[in-house]
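Quick notes on the structure that follows.
The values are calculated or read from the model by the stated rules, or taken from the named source; none is laboratory data. It should be emphasised that the depicted structure is a prediction, and the values quoted were computed from it without experimental measurement. Glycine gets a Cβ as well: all are built from the backbone with ideal geometry, and neighbour counts include every protein chain shown.
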Amino acid sequence: MGVFSVILTGFALSMDAFAVSVTKGITLKKINLSVAIKIAFFFGLFQAIMPLIGWLFGMNFELYIRSIDHWIAVILLSFLGIKMIIETINGDDDNETNSTYLNNKELIILSIATSIDALAVGVTFAFLNIDIIPICISIGVITFIVCFIGVIIGKKIGSVLKDSAQIIGGIILVLIGLNILNEHTHIISNLFGF
């Protein structure tokens, strides 16, 4: 696998994590360098580890992962997005805390949801008989950089949106989940004739 192919794969795999990073940048009220690095690190770490796990499982795991990866992603992202929307509409006291501080549990769930495709890609890598470690490192580094930039972009957008940022962020998470589902199943495209 050539360097250009590895770079393209890294960027392709990082796009869902980038979109969620922008969302976190929009919804979190206190974004500084350490928060941006932490978000980017989590996404980069999971994007790097998942292909390795897929590669280790190899052929026996491919059909299983490809049949459910999109469902896991849509459930996790939609759950978090709907939760954000409901908390904002209800005016929950916890909402201020959730939008001010970075929740590690939520960050792990988002990292898993956006890296499941990387797990399936890792299974494909097992068939290519290539050295997986440099590829995983490259994917992790690319995702880290892309997500760091995403958080910064989200911060700029969030300062404009202010009070509606939580609702918009929740809607974006649900839409990302539905997009992942549609990419794999075409359910939405077929339903609306796109």
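Could you tell me how many of the residues in the range 120-151 are in a helix (DSSP H, G or I) and over 13 Å from the mean Cα position of the chain (by Cα)?
Of the residues in that region, 21 qualify.
Examine the range 158-169 for a residue that is of a type outside the set (A, V, I, L, M, F, W, C), in contact (Cβ under 8 Å) with a residue 12 or more places away in the chain, more than 24 Å from VAL35 (Cα to Cα) and out of contact with any Pro (no Cβ under 8 Å at 6 or more places or on another chain), and state whether such a residue exists.
Checked against the condition, which is being of a type outside the set (A, V, I, L, M, F, W, C), in contact (Cβ under 8 Å) with a residue 12 or more places away in the chain, more than 24 Å from VAL35 (Cα to Cα) and out of contact with any Pro (no Cβ under 8 Å at 6 or more places or on another chain), the range 158-169 yields no hits at all.
Are any residues in the range 80-99 hydroxyl-bearing (Ser, Thr, Tyr) and either within 18 Å of ILE176 (Cα to Cα) or modelled with pLDDT of 55 or more (or both), and if so, which ones?
THR88, SER99
Between residues in the range 1-30 that are free of Cβ contacts under 8 Å to residues at least 60 places away in the same chain and residues that are assigned to a loop (DSSP other than H, G, I, E, B) and surrounded by 15 or more Cβ atoms within 10 Å (Cβ to Cβ), which pairs lie under 7 Å by C-beta distance while being six or more apart or on different chains?
none
Any idea which of (1) under 21 Å from ILE176 (Cβ atoms); (2) touching a Pro at 6+ places or on another chain (Cβ under 9 Å); (3) at pLDDT 85 or above is the one ALA48 doesn't satisfy?
Every condition holds for ALA48 apart from (2).
When you check VAL141 against the structure, is it within 13 Å of LYS24 (Cα to Cα) and either at pLDDT 90 or above or surrounded by fewer than 17 Cβ atoms within 10 Å (Cβ to Cβ) (or both), yes or no?
Judged against the criteria, VAL141 is not a match.
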